[in-house]
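Contents: one structure, followed by commentary.
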Amino acid sequence: MNFSEAGQDLGLAPSTLSRRIAALEMRLGCRLFQRTTRQVTLTEAGEQYLERCREIIERADEADAAAMADTVEPRGTLKIALPNVYGQKRIAPLLPEFLARHPRLSLQLLFDDNYADLVDRRLDVAVRIGDRFTGDFVVRRLTANPRYLCAAPSYLARRGTPRDLANLVEHDCLHFSPLVDGKRWRLSRGEEIREVTVSPLITADNAEALRIAAVEGCGIALLAEFLVADDLAAGHLVRVLEEWTVAESHIHVAFPATLHLPLKTRAFVDFLVEKLAD
């Protein structure tokens, strides 16, 4: 094939094609074509360059095919950030079913009560507790996160049951340090809202440690329902000051704001909504 025929196939004038090839040879510093009045053939350098270009085009085609496949079936590794205890108790038991639905997926889980940055940590999705958010991501509410003041019957038998919030200063309190209000418990009764500053006997960034301490009779704790529901049902813990409710909190799922949300992320978000949404 000569430049005229190649130009027709590419929709280019022969002179334009010739100038572009000449510019390419000048940039590469070698001759790609051996030209005679009768024919145009590839030089050795031209044959090597053509073979490398074909390999690049094949890899690009493979990349396109892989990307398009992700729009048909979730695949690859899904990186998920989870609150430590909630992730263990409520999310982890659901994951075998999710993987059974999407066998081309694998999971990488990060358990951390601190909010991991989705972009910096290259995370696909995060489950988060609370209602305060900063960052460029999409947030979808899943379910309420009720919290209770509770203590072991053994503790109340020894120290007495508080009759009002003011009595809490006389009691041993067990405090979850990541709370955004610091060492203040904000509670409401109807229209009345009060804040109680506690001097904790135990402060911890692990809610499970506080649950164990409460069950063992160490003091009064402010803990989420998902953490203490079994203990309340079994009588290991009882609620105190039940007329006072804690400020409303929710469980959310967050994912990066992007024009084209990966199918694996969308599949996991939809799964959580199916299983957990109110």
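The values are calculated or read from the model by the stated rules, or taken from the named source; none is laboratory data. Source: prediction; values computed, not measured. Note: ideal-geometry Cβ built from the backbone for every residue, glycine included; neighbour counts use all protein chains shown. For the accessible areas, the whole protein counts, side chains as well, though only heavy atoms, and no ligand, DNA or RNA atoms are used. Shrake-Rupley method; radii C 1.70, N 1.55, O 1.52, S 1.80 Å.
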- Message: Report every pair of residues separated by at least 6 positions or lying on different chains whose Cβ atoms are under 6 Å apart, first residue within region 100-123 and exposed (fewer than 15 other Cβ atoms within 10 Å of the Cβ), second at pLDDT 75 or above and among the basic types (Lys, Arg).
- Response: 104/75; 108/79
- If you check every pair at least six apart or on different chains, which have Cβ atoms under 7 Å apart with a residue in region 207-232 that is without any contact (Cβ under 8 Å) to a residue 60 or more places away in the chain and farther than 19 Å from residue 168 by Cα first and a residue that is open to solvent by 20 Å² or more (accessible area, probe 1.4 Å) and among the hydroxyl-bearing types (Ser, Thr, Tyr) second? none
- Of the residues in region 124-156, those that are in a strand (DSSP E or B), open to solvent by 30 Å² or more (accessible area, probe 1.4 Å) and over 17 Å from residue 255 (Cα atoms) number 3
- Select from region 77-115 the residues that are over 18 Å from residue 274 (Cα atoms) and acidic (Asp, Glu) and write down the one among them that is modelled with the highest pLDDT. 112
- Query: If we scan region 185-208, do we find a residue that is β-branched (Val, Ile, Thr) and in contact with an Asp or Glu (Cβ under 6 Å, 6 or more places away or on another chain)?
  - Reply: no
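The rows are residues; the columns are (1) open to solvent by less than 50 Å² (accessible area, probe 1.4 Å); (2) modelled with pLDDT of 95 or more.
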position: 210; (1), (2): yes, yes
position: 229; (1), (2): yes, no
position: 237; (1), (2): yes, yes
position: 248; (1), (2): no, no
- Query: Quick one: is residue 214 more than 31 Å from the chain's Cα centre (by Cα), under 24 Å from residue 90 (Cα atoms) and assigned to a helix (DSSP H, G or I)?
  - Reply: no
- Task: Among residues belonging to region 34-54 that are open to solvent by less than 50 Å² (accessible area, probe 1.4 Å) and not in a helix (DSSP H, G or I), point out the one that is modelled with the lowest pLDDT.
- Result: 40
- The lone exception for residue 18 - which of (1) touching a helix residue (DSSP H, G or I) at 6+ places or on another chain (Cβ under 7 Å); (2) part of a helix (DSSP H, G or I); (3) at pLDDT 85 or above it fails: (3)
- Whichever residue in region 7-21 is under 51 Å from the mean Cα position of the chain (by Cα) and of a type in the set (A, V, I, L, M, F, W, C) and, among such residues, is surrounded by the fewest Cβ atoms within 10 Å (Cβ to Cβ): 10
- Query: With respect to the numbered conditions (1) surrounded by 18 or more Cβ atoms within 10 Å (Cβ to Cβ); (2) at pLDDT below 90; (3) not β-branched (Val, Ile, Thr), which one is the sole condition not fulfilled by residue 177?
  - Reply: (1)
- Item | Subset of region 82-110 (residues that are of a type in the set (Gly, Ala, Ser), farther than 23 Å from residue 224 by Cβ and in a helix (DSSP H, G or I)) | 100
- When residue 159 is evaluated against the numbered criteria (1) of a type outside the set (A, V, I, L, M, F, W, C); (2) in contact with an Asp or Glu (Cβ under 8 Å, 6 or more places away or on another chain); (3) open to solvent by less than 60 Å² (accessible area, probe 1.4 Å), which criterion, by number, is the only one it fails? (3)
- Note on the structure: Counted residues in region 134-189 being touching a Phe, Trp or Tyr at 6+ places or on another chain (Cβ under 6 Å) and of a type in the set (Ser, Thr, Tyr) come to 0
